[in-house]
Structures are given as structure tokens and as C-alpha cells.
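First the structure, in the form of C-alpha cells, and then the observations on it.
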Amino acid sequence: MFGKTNARKYWKHCTERCSWFQGHPSSSYARKSHLVPLSLYGDEVQSFKNTEAGIVEILAWSSDFTAGHAPLERYMPILCISEHHVHEKTWGDVWSALIPRLRRMCSEDTFPWSSSGYRFMISSLQGGLKWLNQKFEINAFNSNELCSRCRCCKNHADAGMTVGDMRVDATHRSTMVSHAEFLQEIPAEDRHPIWSLPGLTVHRCLHDVCHGQMLGTGKVLNGSILVYLAEAGHFGDFPQQGQYDVNLDMLLRRAFGKFCAYKKSHKLAVASKILSFWLAEEVSSWALRPSATEVDKRVATVMYTYVELFKLMDQCGAIFGEAEAQEFHEKGLLHLQEMDWHAAQLYLLEYQLRQIAADMCSLNQIYHDLRHRLHMLELRIDRLLHPRGHNKLAPELQIVVFDELDE
């Protein structure tokens with residue numbers, strides 16, 4: 001439940017700096033060294049691809065202090081069910097049975113662990129962006145007004161209100177929505193019972209900004225950088241004739257050979273994070289050429305800052321130091337602003353490329369959520385808390401959990 005985290009130091013920090021905890025019902029608990037932050041986690045995964053019954057939904061609970069542990073040492077399964085067998089009332093029945101139990105678990109009722117002073121408190125609601133939206137109707141990423149915590153939009157007459165404006169002084173930075181305001185906009189009869197959990201607010205609904213790699217965008221970014229380098233000629237001249245996919249395949253095979261050599265020389269196992277490290281080196285060397293363009297350099301900056309951010313997250317403890325927090329903020333903001341620049345450039349190109357920029361809207365909610373985290377650092381709210389505390393359970397690890405449940 002506690003891992004290697006110094007609970008006393010953690011809660012002292014939260015008491016002094018974290019607004020979400022200062023108003024929490026458990027903030028007055030005397031023995032904070034024995035207080036366990038309980039978070040719910042939910043998501044769906046294709047455990048068997050290309051089959052209707054292959055999508056499985058999982059609901060679990062965990063302690064925030066166990067971040068970095070192996071999945072089976074962190075997540076305590078509550079429910080695992082095939083989406084094929086879910087009825088429209090299934091999840092309503094789940095919440096009706098679960099929420100009263102969670103409230104009691106975090107209450108002052110006596111349990112076997114109570115005599116030793118241990119107590120649970122509701123910390124957060126975690127999971128995939130799509131899953132959280134479908135279950136609780138928050139962060140409607142398919143709508144123009146896509147954020148439940150501020151008034152930013154995908155399209156707005158004021159560019160500063162748009163989700164793509166990552167500047168420190170963007171207009172939407174001053175439109176934060178309180179939890180009370182969030183609830184007021186939902187008719188009482190339509191409110192999800194999850195909001196009856198003591199201390200849970202919309203600001204503690206944490207989607208997968210830490211998915212495997214940091215932002216939930218690892219596959220997209222890695223793939224984009226890889227194709228960019230191939231088209232630019234980093235792995236050899238791109239043929240001007242023939243089919244595009246055939247030509248690209250030839251160069252990607254060369255890239256794979258270079259990656260295998262890199263992996264072997266560094267004695268590393270294959271992982272998306274290792275691929276990012278390698279791509280950061282490759283795109284940086286490409287950007288350092290005397291003939292490198294501004295775009296080459298900006299693309300390298302995007303990849304470099306991305307890798308640096310999750311290096312920081314791997315190296316730091318549950319609470320950032322002041323210097324670590326400052327570095328995380330600076331590199332995170334630079335990463336977002338560079339992504340914003342590239343999106344703007346796509347809109348300036350020919351019409352057929354504008355759809356590429358439009359597709360970035362699917363990533364904007366994830367980037368926007370990171371922007372909220374950086375905003376917390378700017379305002380010294382929730383300052384220094386390590387975002388690794390709410391990792392998404394990677395699909396391949398979810399399947400391991402399913403196998404264990406099946407046994």
C-alpha cells in the first residue's frame with residue numbers, strides 16, 4: 001500500500017500545497033503516516049484482436065503510493081468483463097453496488113486495519129480518456145467544448161480560447177471551472193453517483209497522461225518521427241518514383257536495422273520507450289546537419305523534450321524537488337508549444353494536408369491535460385507532485401491481469 005513513499009512527508013506536502021487535499025474530508029485525519037490514497041482505475045483493451053468479444057473492460061483500485069510497481073502488485077481488480085456481454089444497465093448496477101462499499105471503506109467505521117491506525121481516503125478517478133468520458137461524461141473530447149475543467153474550445157472566435165493555444169497567457173487559462181460549478185451544470189437527477197464519493201472532484205479525474213510513456217502519444221509521436229526521417233532522407237534517398245508504401249517500407253527496413261544495432265550496443269530490450277530514445281538521437285543528428293531546415297530543428301525539439309520529460313519522471317520520486325519541477329515545467333511547455341507550431345503550419349499548407357492537422361484534435365485533449373498539470377506548477381498548486389502517480393495500465397499488462405483472474 002505504501003511502497004517506498006514516505007507517507008508522512010507526502011501528506012505534509014499535500015496539506016501545505018495541494019488545494020484538492022486541503023478541502024478533503026480526510027485532511028483532518030491525525031495519523032497521516034497511516035493514510036492510504038485510494039484511486040479507482042478503469043479502461044478497456046482488445047485482449048483478442050479482431051473479435052467482437054475481444055474488448056474487455058477492467059475496473060480496479062490501487063494506492064497512489066504504489067506507482068512504479070508491477071501491475072499485479074499495484075492494481076486490485078474489482079471487475080473484468082467482456083464488452084460483448086455488457087447490457088445498458090450493467091454499469092449502473094456496478095456503481096450501485098460499488099460506491100456504497102467504497103464510501104464505507106473510506107469512512108470511520110472499524111475494520112481489521114483500524115486498530116493499527118490505518119485508513120483509506122478517496123484520492124482520484126483514473127483511466128483511459130475515452131473510458132472516463134463514456135462512464136462519467138467528463139472531458140467530452142469529441143465536442144467543441146472538450147474540457148470539464150476550463151472553458152477552452154476546439155474552435156472559438158478568440159484564438160486564445162482554443163485548445164491549441166499553449167501560451168502561458170492564453171485566454172482559456174483564466175476560465176477554470178470549480179467542482180461546484182461543474183456539478184451545477186448537471187441536473188441533479190443526471191449526476192453520476194461517483195460524485196458522492198467523499199472528496200472526489202472533477203479535477204481529480206486523471207486520464208492517461210502517463211500511458212506507458214508519458215503522454216499517451218508515444219505510438220503516434222514515434223511513428224510520426226520515424227516516417228519524417230524516412231521521407232527526409234535520413235535512412236537513404238526516398239525514391240521519387242514507384243509506390244509510396246513500397247518505397248517507405250524499404251527505408252523503414254533500413255531504419256529497423258539501425259535500431260537493432262542501437263539496441264544491441266546498449267544491451268536493451270525492445271520497448272516503445274527505447275524506440276523513443278533511439279529516435280531522439282537520430283532526429284537530433286539530422287537536425288545538426290549544416291543544411292538542416294527550421295522544420296528539422298523544430299521536429300528534433302519535439303522529440304528531445306518528449307524524451308527528457310519521461311526521463312525526469314523515471315528518475316524522480318513521488319515529490320519533485322524545486323529544480324526538478326522547474327525543469328519539468330520548462331521542457332513540458334516547450335514540447336507543447338512546438339507541437340502547437342507544427343499544427344499551425346499544417347493549416348497553412350494545401351487543403352489535403354489540413355485533415356492531418358484536424359486529426360491532431362484527437363491528441364489535443366491529452367496535451368491539454370498536460371497543460372493543466374503545467375499550469376498547476378505555474379500557480380504553485382499541487383506543486384511538485386509526481387504525475388507518475390496515475391499511470392495507465394498498458395494493454396499487454398492488462399492481459400496479464402486477465403490471465404491471473406482467469407486462473
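The values are calculated or read from the model by the stated rules, or taken from the named source; none is laboratory data. Predicted, not measured: the structure shown is a model, and the values here were computed from it. A quick note on method: Cβ atoms are made from the backbone with ideal geometry, for glycine too, and the neighbour counts reach across all protein chains shown.
Name every residue in segment 160-180 that is under 18 Å from Arg204 (Cα atoms), part of a loop (DSSP other than H, G, I, E, B) and of a type outside the set (Ser, Thr, Tyr), in order of residue number.
The answer is Met176, Val177.
Suppose we filter Asn133, Asn155 for residues that are at pLDDT below 85 and farther than 30 Å from Ser28 by Cβ; which single one remains? Steps first, answer last, please.
On the way: Asn133 fails: at pLDDT below 85.
One residue alone meets the criteria, Asn155.
How many residues are among the basic types (Lys, Arg) and more than 27 Å from Cys18 (Cβ to Cβ) when one looks only at segment 88-146? Please lay out each step first, then the result.
Of all residues in segment 88-146, those among the basic types (Lys, Arg) come to 89, 101, 103-104, 119, 130, 135.
Narrowing the set further to residues that are more than 27 Å from Cys18 (Cβ to Cβ) leaves 89, 130.
Residues flagged as among the basic types (Lys, Arg) and more than 27 Å from Cys18 (Cβ to Cβ) within segment 88-146 amount to 2.
Please state which of the following conditions Glu181 fails to meet, knowing it meets all the rest: (1) modelled with pLDDT of 90 or more; (2) touching a helix residue (DSSP H, G or I) at 6+ places or on another chain (Cβ under 9 Å); (3) exposed (fewer than 14 other Cβ atoms within 10 Å of the Cβ).
So Glu181 meets the others, but not (2).
Is there a residue in segment 316-328 that is more than 25 Å from Asn142 (Cα to Cα), at pLDDT below 70, not in a helix (DSSP H, G or I) and not assigned by TED's automatic domain parsing to the domain that holds Lys130?
Yes, that holds for at least one residue.
State which residue is surrounded by the most Cβ atoms within 10 Å (Cβ to Cβ) when the search covers only segment 236-262 and only residues that are in a helix (DSSP H, G or I) and touching a Leu at 6+ places or on another chain (Cβ under 9 Å). Quick ask: steps written out before the conclusion?
Within segment 236-262, the first condition is being in a helix (DSSP H, G or I), and the residues that meet it are 244-262.
Now restrict to residues that are touching a Leu at 6+ places or on another chain (Cβ under 9 Å): 251-252, 255, 259, 262.
Details: Leu251: 21, Leu252: 16, Ala255: 19, Phe259: 18, Tyr262: 17.
Selected residue: Leu251.
Looking at (1) within 27 Å of Val36 (Cα to Cα); (2) surrounded by fewer than 17 Cβ atoms within 10 Å (Cβ to Cβ); (3) touching a helix residue (DSSP H, G or I) at 6+ places or on another chain (Cβ under 7 Å), which is the one condition that is false for Phe136?
(2)
When only residues in segment 204-235 that are in contact with a strand residue (DSSP E or B) (Cβ under 6 Å, 6 or more places away or on another chain) and assigned to a strand (DSSP E or B) count, which is modelled with the lowest pLDDT? Reasoning before the result, please.
Looking only at segment 204-235, we keep the residues that are in contact with a strand residue (DSSP E or B) (Cβ under 6 Å, 6 or more places away or on another chain), and these are 204-206.
Next, only the ones that are assigned to a strand (DSSP E or B) stay: 205-206.
Values: Cys205: 85, Leu206: 79.
This residue is Leu206.
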